[in-house]
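Below you will find the structure I want to go over with you.
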Amino acid sequence: MSGNILLDTSAILCLVLDEEGAGTVERSLLSAKSGHCMLFLSFASITELKYIIWRQRSEADADKLMKLMKTWNLEIIYPDEELCLLAAKLKKEYPLSFADAFIAATGIMNKLVLMHKDPEYDPLGEILEMQRLPYKKTKAI
């Protein structure tokens, strides 16, 4: 995929945890490195990635990921007032977590393609361009 891509927290976790779809994320990183696309990350994903890896593995592993991400060709997008207000609107209108509202608002405001594997974004399909990675299979009861 060419163009400008916003990596959701779930896309980076997909890569780090070697889940289905990791190859797609890796190809995007390589494409960005060679200048064929630009990759972006919301500030909210930094927080999510730090605490998720710290909780699931260790603080040292979380720190390693933070250092590794600094070697990737990623631009981190921080919120201004306009982004905050759009995130608030999305949070009010859709069943999104606080972080996902900021991530979605970042994609919408910057006209980015959101690469993710989180079905929470599905209701935004008409207002946010997305590249969905394979969702995790849920077990039938």
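Looking at segment 58-75, which of its residues are in contact (Cβ under 8 Å) with a residue 24 or more places away in the chain and of a type in the set (D, E, K, R)? Spell out how you get there, then give the answer.
Initial filter on segment 58-75 (in contact (Cβ under 8 Å) with a residue 24 or more places away in the chain): 65, 69, 72-75.
Within segment 58-75, Glu75 is the sole residue that qualifies.
Give the residues of segment 90-111 that are touching a helix residue (DSSP H, G or I) at 6+ places or on another chain (Cβ under 8 Å), part of a helix (DSSP H, G or I) and more than 20 Å from Ile12 (Cα to Cα), sorted by residue number.
Residues satisfying the conditions are Leu90, Lys91, Met109.
Based on what the data block shows, is Pro79 of a type outside the set (Val, Ile, Thr), within 25 Å of Cys37 (Cα to Cα) and outside any helix (DSSP H, G or I)?
On the way: of a type outside the set (Val, Ile, Thr): yes; within 25 Å of Cys37 (Cα to Cα): yes; outside any helix (DSSP H, G or I): yes.
So Pro79 passes the test.
Can you find, within segment 47-68, the residue that is farthest from the chain's Cα centre (by Cα) among those that are among the aliphatic types (A, V, I, L, M) and surrounded by fewer than 15 Cβ atoms within 10 Å (Cβ to Cβ)?
Restricting attention to segment 47-68, the residues satisfying the condition of being among the aliphatic types (A, V, I, L, M) are 49, 52-53, 60, 62, 65-66, 68.
If we keep only those that are surrounded by fewer than 15 Cβ atoms within 10 Å (Cβ to Cβ) too, we end up with 60, 66, 68.
On the way: Ala60: 22, Met66: 14, Leu68: 16 Å.
So the residue we want is Ala60.
Is it the case that Ala32 is in contact (Cβ under 8 Å) with a residue 40 or more places away in the chain, out of contact with any strand residue (DSSP E or B) (no Cβ under 9 Å at 6 or more places or on another chain) and surrounded by 13 or more Cβ atoms within 10 Å (Cβ to Cβ)?
no
For segment 29-46, which residues satisfy the criterion of being within 16 Å of the chain's Cα centre (by Cα) and either under 26 Å from Ala87 (Cα atoms) or small (Gly, Ala, Ser) (or both)?
Residues of segment 29-46 that are within 16 Å of the chain's Cα centre (by Cα), as a first pass: 29, 32, 37-46.
Within segment 29-46, Ala32, Cys37, Met38, Leu39, Phe40, Leu41, Ser42, Phe43, Ala44, Ser45, Ile46 qualify.
Can you name the number of the only condition in (1) under 15 Å from Ala11 (Cα atoms); (2) over 13 Å from the mean Cα position of the chain (by Cα); (3) among the β-branched types (Val, Ile, Thr) that Thr71 fails?
Of the numbered conditions (1) under 15 Å from Ala11 (Cα atoms); (2) over 13 Å from the mean Cα position of the chain (by Cα); (3) among the β-branched types (Val, Ile, Thr), the odd one out for Thr71 is (1).
While we're looking at this one, here's another question. Does Leu39 meet the test of being without any contact (Cβ under 8 Å) to a residue 40 or more places away in the chain, more than 16 Å from Thr9 (Cβ to Cβ) and crowded, with 19+ Cβ neighbours inside 10 Å? Quick ask: steps written out before the conclusion?
Values: without any contact (Cβ under 8 Å) to a residue 40 or more places away in the chain: yes; more than 16 Å from Thr9 (Cβ to Cβ): no; crowded, with 19+ Cβ neighbours inside 10 Å: yes.
It is false that Leu39 is without any contact (Cβ under 8 Å) to a residue 40 or more places away in the chain, more than 16 Å from Thr9 (Cβ to Cβ) and crowded, with 19+ Cβ neighbours inside 10 Å.
Here's something else I'd like to know. Restricting the search to segment 105-121, which residues are surrounded by 14 or more Cβ atoms within 10 Å (Cβ to Cβ) and more than 17 Å from Glu82 (Cα to Cα)? Before the answer, list the steps.
So in segment 105-121, the residues surrounded by 14 or more Cβ atoms within 10 Å (Cβ to Cβ) come out as 105-110, 112-118, 120-121.
Within segment 105-121, Val113, Leu114, Met115, His116, Lys117, Asp118, Glu120, Tyr121 qualify.
Values in this text are rule-based calculations from the coordinates and carry no lab data. Keep in mind the model is a prediction, meaning the values are calculated, not measured. All Cβ positions, even for glycine, are placed from backbone atoms using ideal geometry, and neighbour counts span all protein chains on display.
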